[in-house]
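The values are calculated or read from the model by the stated rules, or taken from the named source; none is laboratory data. Only a predicted model underlies this, so the values are computations on that prediction, with no experimental measurement involved. FYI the Cβ positions are ideal-geometry reconstructions off the backbone, even for glycines, and counts take in every protein chain you see. Surface accessibility is based on the protein's heavy atoms, side chains included, excluding ligands, DNA and RNA. Shrake-Rupley method; radii C 1.70, N 1.55, O 1.52, S 1.80 Å.
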Amino acid sequence: MFGLSPEWLLDEGGEPVADALVLSHPDQLDRLAAACPEAAHTAVLGGDPCFDRILAALPRRDAFRRAFGVRSGQRLLVLNSTWNPTSLFGDGGPDDVLPLLLSRLPELPLDEYRVAVVLHPNVWHGHGPGQVRLWLDGARRAGVALVDPVAHWRQALIAADAVVGDFGSVSYYAAAIGTPVVLAATGPSVIDDGSQVAAFVRAAPKLDPYAALGPQLEGVIAAREVPSGPAELTSSDPGGSAGLLRSLFYRLLGLPEPAGPALLDGLPLPAHQPVVVTAPVRVLTRTGADGAVEVRRFAAARYEPAGAGEAHLVAPEDTLDPGALALADVIVRHGAAADPRLGPPLLWAEQTLSRYRSCTLAVQVTGPATCTVRHRSGAALELAGADDGIDPAAAASALLAAGPVPGVLTVRSGGAVHRVTVTPAG
């Protein structure tokens, strides 16, 4: 039993190694007594400081979502893996579902799902950051974010609408705060059947990697049926671990405890991590009877997306596939209008339209809510939406469908309705 058996807790003479063994919940006392009775007298209930930091930061969920680049109408999907050959990020054997799961991510519309990956620190240290980034390169180019495995994984859990994971602690913490979790790897050979984690794994819904990903996620999010075990068994004293642990530490040191409250460090706000897509994007647009344009975008899609509407191809200027630029209806680059490295947006747009004869619209995304565009008809326009509203590149696709006319453009995308102001470019 990992962490509670004699080989972990006793020295060569059969005596407990630790003066105090801190457990997070009374359920673990019974397991310790059964697995290593010689160390049972050292057990102390101390709650869970990691969980307490998560609980204290729950009111900051909106700020964390904005930090991870989640826009209005989007859902944040967190993929997470622990460190084990049978985990989600496993050993590449026949039961490893990660390659299949990554290949299905392009099924998720860009404006409906923001995807972030949380990997155990040992995955990064064991394989090396370069190798991990290489394995996930295709997903990153399709807009998937890699989350700092030490400083920011808790913030990602707080911000998430759903978690796809395995039998590791990240999935367990997610369920403990009520986030829907679906398991893609269950680690049957490495979990103690009597543990609280095993009970959670048995109760949590399972992902079918061979079935369409979108309907499974929508079902889990809509149902919001989270097993009750994690919320009840994560901590003996939610919010109280700092006081319990400080009292223990000072008692062991034989020193008087300070009079002030025991406090834990708050979770820092991550730096803004906007969606960056460098893979070609297939787009479907459809104009409704009310004039609103519906936009659905799919990054790195291997096939034409299903559904009604007019299709067009968007290629980022820095895509790895130069052939996509030659075929693109829309070409996009990112950079502030005053960036001296890039030059004037409209000059670049004019040059782009001249260089790529299939391109109808050249777009420079100049900020989180703005872009400058030039249409092949000669129209030069500025588009502006809400700061956390539609991606300016998606707004440009809607403009392509509606026509390059100043006014207010109504766009349906990502489960939300957005208003985009279209004005002549100065």
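Data table
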quantity: Residue match in segment 14-36 (condition: at pLDDT below 95, under 22 Å from Ala174 (Cα atoms), charged (D, E, K, R) and out of contact with any Pro (no Cβ under 6 Å at 6 or more places or on another chain)); calculated: yes
quantity: Residues (of a type in the set (Asp, Glu) and either within 26 Å of the chain's Cα centre (by Cα) or buried (at least 19 other Cβ atoms within 10 Å of the Cβ) (or both)) located in segment 201-252; calculated: Asp208, Glu218, Glu225, Glu232
quantity: Test: Asp339 is crowded, with 16+ Cβ neighbours inside 10 Å, among the acidic types (Asp, Glu) and within 25 Å of Arg140 (Cβ to Cβ); calculated: no
quantity: Residue match in segment 98-105 (condition: more than 26 Å from Gln216 (Cα to Cα), of a type outside the set (Phe, Trp, Tyr) and surrounded by fewer than 23 Cβ atoms within 10 Å (Cβ to Cβ)); calculated: no
quantity: Qualifying residue in segment 306-320 (condition: without any contact (Cβ under 8 Å) to a residue 12 or more places away in the chain, among the hydrophobic types (A, V, I, L, M, F, W, C) and within 19 Å of Cys371 (Cα to Cα)); calculated: no
quantity: Qualifying positions in segment 313-332 - touching a strand residue (DSSP E or B) at 6+ places or on another chain (Cβ under 8 Å) and either open to solvent by 50 Å² or more (accessible area, probe 1.4 Å) or part of a loop (DSSP other than H, G, I, E, B) (or both); calculated: Glu317, Asp318, Asp321, Leu327, Ala328, Asp329
quantity: Wholly enclosed strands (runs of 3 or more DSSP E) of segment 345-426 bearing at least 3 residues open to solvent by less than 50 Å² (accessible area, probe 1.4 Å) and among the hydroxyl-bearing types (Ser, Thr, Tyr); calculated: none
quantity: Pair list, Cβ under 6 Å, 6 or more apart: segment 1-27 residue touching a residue at least 60 places away in the same chain (Cβ under 8 Å), other residue open to solvent by 30 Å² or more (accessible area, probe 1.4 Å) and part of a strand (DSSP E or B); calculated: Ala20/Val44; Val22/Val44; Leu23/Leu45
quantity: Any hit, segment 176-184, residues being out of contact with any Asp or Glu (no Cβ under 8 Å at 6 or more places or on another chain), hydrophobic (A, V, I, L, M, F, W, C), open to solvent by less than 20 Å² (accessible area, probe 1.4 Å) and closer than 30 Å to Ala34 by Cβ; calculated: yes
quantity: Matching helices (runs of 4 or more DSSP H) fully within segment 104-175 where at least 1 residues are acidic (Asp, Glu); calculated: 137-141
quantity: Some residue of segment 253-266 being in a helix (DSSP H, G or I), at pLDDT 95 or above and open to solvent by 60 Å² or more (accessible area, probe 1.4 Å); calculated: yes
quantity: Residue list for segment 52-94, restricted to those being open to solvent by 40 Å² or more (accessible area, probe 1.4 Å), free of Cβ contacts under 8 Å to residues at least 40 places away in the same chain and over 28 Å from Val417 (Cβ atoms); calculated: Pro85, Asp91, Gly92, Pro94
quantity: Single residue of Pro270, Pro305 found to be outside any strand (DSSP E or B), within 30 Å of Arg60 (Cβ to Cβ) and under 30 Å from the mean Cα position of the chain (by Cα); calculated: Pro270
quantity: Any hit, segment 406-425, residues being farther than 30 Å from Gly214 by Cα and polar (S, T, N, Q); calculated: yes
quantity: Odd one out for Gln196 among (1) modelled with pLDDT of 95 or more; (2) surrounded by 18 or more Cβ atoms within 10 Å (Cβ to Cβ); (3) polar (S, T, N, Q); calculated: (1)
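To keep it simple, each residue is scored yes or no on (1) touching a Gly at 6+ places or on another chain (Cβ under 6 Å); (2) at pLDDT below 95.
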site: Gly3; (1), (2): no, yes
site: Ala43; (1), (2): no, no
site: Asp52; (1), (2): yes, no
site: Asp62; (1), (2): no, no
site: Gly69; (1), (2): no, no
site: Thr82; (1), (2): yes, yes
